[in-house]
Structures are given as C-alpha cells and as structure tokens.
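Comments concern the structure below.
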Amino acid sequence: MKEYFLILLSTVLVNNFVLVQFLGLCPFMGVSRKLETAAGMALATTFVLTLSSACSYLVNAYILEPLDIVYLRTITFILVIAVVVQLTEMFVHKTSPILYRVLGIFLPLITTNCAVLGVALLNIRHDHSFMQSLIYGFGASVGFSLVLILFAAMRERIMAGDVPETFKGPAIALVTAGLMSLAFMGFSGLD
Amino acid sequence: MLTAIIALAILAVIFGLALGYAAIRFKVEGDPLVEKIDALLPQTQCGQCTYAGCRPYAEAIAKGEADINQCPPGGETTIIALADLLGRDPKPLNPEHGEEKSKRVAVIDEEICIGCTLCIQACPVDAILGAPKLMHTVIADECTGCDLCVPPCPVDCIDMVEVKPALDEWVWDFPGASLKYPATAANRIPKTGTSQPRDATAHDAATKKTGTGS
C-alpha cells in the first residue's frame, strides 16, 4: 500500500510529467487558455492515460514478451493508445456532446501526447507490475491535470493583467511555465 | 519474423473489431430536423440572427430556442419555407435582426486597400483573396453579401454593391410566391435579387452549393 502511495506521490509531484520530465508540453501550452477547456482536457487525458497504461502493460506482458517480439513495443503501444483514444472519443461524443465540442481537435490529439507513450514505455523500464502500472499511469495523469489546471487559471489571470508589450501572449506563458517548473523542482527533496 | 507479423495482425484485427463494436454501441444520431432547417437557410453565415452561423441557428430553431423570423438574408421566402416545414404560422421578419435587402456583393477599392488581412479573417465563406501587405480582392461568385467584412476594414475600402439581375438571368415572379409558395432555396422570388433560372428543380443543387441561392 505504502509503495503505491509513493508511486502516486512521486508521479504527481516529485517527477511531475510536465514540469520535471517535460512530457506532454503541447496540450500544456495549447489547451491552457481557458479553465473549462483545461479541465475537460485534463479529464480526457486522465481517462486515456490510465487506461492506455494498463492496456499497454497487458499487451506487453501477455503478447509481446511470450512471443519474444519486444522490439515491436513502440509501434504496438502507439496502436494501443490510438485505439484507447478512439474509444474515449466515441464515448465522450455519446455521453457529453458539450464536452466533445469543447475539446474539439484536442481529443484526437491525445494520441500524439508524448506523456501517454512516455508512461507506457517508462512502465516497462521501471519493471512495474500491473497494479503499479495502473497507479503510475493514474498518478501521471493526475499530475498532468493538476499542472494544466493550475497553469490555465494563472493564464486567465495574466490575460487580464498589464503585461509588457514584449512579453504578451505565448512569451509570458512560457515564462510562467518555467517558473512553475522551478517550483515543482523543489519537490525533489521529498524523495 | 513471421510470429511478429501474425501477432501484430491479430492484435490489429482484435482492436478493429472492438472499435467497430464501439462505433455501433456509441452511435450518435444527429437530429434530422436540423439538416432540413439548415437546407432552407441561405448559408450566408452572416450571424445577423445572433447565432454564429446558419447551422447553429438551425439547431436553435429545432430546439425551439429561436424564432423563425430572424434571418434577413433569407427574408420572407425563408420564413414561409420554415413555417411550412415546422407547421407554424409565418410572421414578418424581426426588424431587430435587420431588414431584407436585395442581393449584394462586396467590392474592395483596390486603390485604397492596404493589405491588412482583417477582412479575410472576418469573411465566413473565404471569399476574399489576398496576403499581408498585398492588395485583396473579392471572389464575387463566393461572396454572400453578409456585410461582415465592412466593419473591420481600417480604411473603409469595402463597398457593398447591389447586384442587378442581368437580362439573361431575369425571370418573372413566381405567381403567388410571396403568399405561400414553398419551400426550397431555388424558387426565391427575384425581389430578393437572385436571378433564378426558370427550371428551379434542375438548378436547385447548384444554387445551394454556391450559397448564392438566397
């Protein structure tokens, strides 16, 4: 139990995927302009990341390793992720048309979110068990959601603020992201 | 090598089947009424009805949120067609949303244009051609006469010019068209400016496609 908690803490804060490992930066910059969109994206990513983390573990453990074709890992994981994203898209389209419209193009773009493939591959590298993979994927997505929502809230404030002409737009957003990353590096003392 | 190919192929087939099943299970049925209403609207995407475009307005009508008399470009003919489709009473155009004008087309005064691209961004149907700091021009066939490009222009070089039906395009008014004549965008009365070929059904599809049938 303690071990699972540690994995969760480590992925959410200490080794945060966005701010410490610099994975999944495109949605981090792209969907963080409005809080509601960010929350929707966070939700969709959480679902996809957790599910694809578990699925890719199963595929790796029960198909790739017994058949001794682990060299096909990357392409297989991409396939798994694409399928999971497609399923999520259909599910969201059916259950919440508003969320579907808000997320728009970003929902299919989760496929190319490097954090998703990153988690699947890191699971293998860390020799995680099934439960550990699941927690690791969930933790990663919670960390991603936390950072994305915080960042979106900050960007909304900054938008209203008096930013110098030179820093307007993406520049100030990147500066903010850098400062946030700096703050999250401070968690490395927790290990 | 062979195991790898077979394993991946089987995996792909399984995923494909799962997705296919999900596509049936989570199928979303669009509202067929929205399609029908949308087909009657003039597709100028002008936003005068206070909705972002013709389709959102059609959705609002289907939901009962919007009234049928908010479309100035469509004018009386559209209102009658909508009333016919929805089984409501036709009513005069709501003056809050503008008045019915004859068919117009935007013309850019190319001497004055500074090439700021603001009108290109405003155009809902991509009828303006141009690049930054180069002169712009309007593709008259694509222009729906929606006026949206006029306010953003910083040098006021866009004029809305009325299009008069040429001799070979002019047709008689449909008898009784303004009273109750149905329904398609094709049999619009020339009062709204568009010149309609007499054989309305044959040209129905073509006019709808270019969006100038209104």
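The values are calculated or read from the model by the stated rules, or taken from the named source; none is laboratory data. Keep in mind that this is a model prediction, so the values were computed, not measured. Glycine gets a Cβ as well: all are built from the backbone with ideal geometry, and neighbour counts include every protein chain shown.
Descriptive notes on the structure:
- Residue match in the stretch A:98-118 (condition: of a type in the set (Phe, Trp, Tyr) and within 23 Å of B:ILE6 (Cβ to Cβ)): no
- Test result for A:ALA61, crowded, with 16+ Cβ neighbours inside 10 Å and either among the aliphatic types (A, V, I, L, M) or touching a residue at least 12 places away in the same chain (Cβ under 8 Å) (or both): no
- The residues of the stretch B:49-62 that are without any contact (Cβ under 8 Å) to a residue 60 or more places away in the chain and closer than 30 Å to B:CYS119 by Cβ, listed by number, are B:CYS49, B:THR50, B:TYR51, B:ALA52, B:CYS54, B:ARG55, B:PRO56, B:TYR57, B:ALA58, B:GLU59, B:ALA60, B:ILE61.
- Qualifying helices (runs of 4 or more DSSP H) (wholly inside the stretch A:1-107; at least 1 residues being of a type outside the set (A, V, I, L, M, F, W, C) and within 14 Å of another protein chain (Cβ to nearest Cβ)): A:35-59, A:73-95, A:97-103
- A:LEU99 in contact with a helix residue (DSSP H, G or I) (Cβ under 7 Å, 6 or more places away or on another chain) and modelled with pLDDT under 80: yes
- Residues (crowded, with 17+ Cβ neighbours inside 10 Å and modelled with pLDDT under 85) located in the stretch B:148-172: B:VAL163
- Figure legend. Inter-residue proximity from the stretch A:116-133: first residues among the β-branched types (Val, Ile, Thr), second residues not in a helix (DSSP H, G or I), beta-carbon distance below 9 Å, spacing 6+ or different chains. Indicated pairs: A:VAL116/A:LEU23; A:VAL116/A:GLY24; A:VAL119/A:PHE17; A:VAL119/A:LEU23.
- Yes/no for A:TYR100 being surrounded by fewer than 21 Cβ atoms within 10 Å (Cβ to Cβ) and under 23 Å from A:GLY40 (Cα atoms): yes
- Across the stretch B:19-39, the qualifying residues are those that are surrounded by 14 or more Cβ atoms within 10 Å (Cβ to Cβ) and within 9 Å of another protein chain (Cβ to nearest Cβ), and the one among them that is nearest to B:ILE80 (Cα to Cα) is B:PHE26.
- Residue in the stretch B:63-85 that is within 14 Å of chain A (Cβ to nearest Cβ), assigned to a loop (DSSP other than H, G, I, E, B) and either farther than 21 Å from B:LYS103 by Cβ or in contact (Cβ under 8 Å) with a residue 60 or more places away in the chain (or both) present: no
- Restricting B:LEU148, B:LEU82, B:LEU129 to those that are within 16 Å of the chain's Cα centre (by Cα) and more than 23 Å from B:GLU35 (Cα to Cα) reduces the list to B:LEU148.
- Contacts under 9 angstrom Cβ, first residue in the stretch A:152-173 being at pLDDT 90 or above, partner loosely packed, with under 10 Cβ neighbours inside 10 Å, 6 or more apart: A:ILE172/A:GLY161; A:ILE172/A:PRO164
- Only residues that are among the β-branched types (Val, Ile, Thr) and at pLDDT below 75 were counted across the stretch A:102-113, and they come to 2.
- In the stretch B:28-43, the residues that are closer than 20 Å to A:TYR100 by Cα form Cβ pairs under 6 Å with partners that are among the acidic types (Asp, Glu), at six or more places apart or across chains, as follows: B:VAL34/B:GLU59.
- Residue check, A:THR166 within 14 Å of chain B (Cβ to nearest Cβ), hydroxyl-bearing (Ser, Thr, Tyr) and not in a loop (DSSP other than H, G, I, E, B): no
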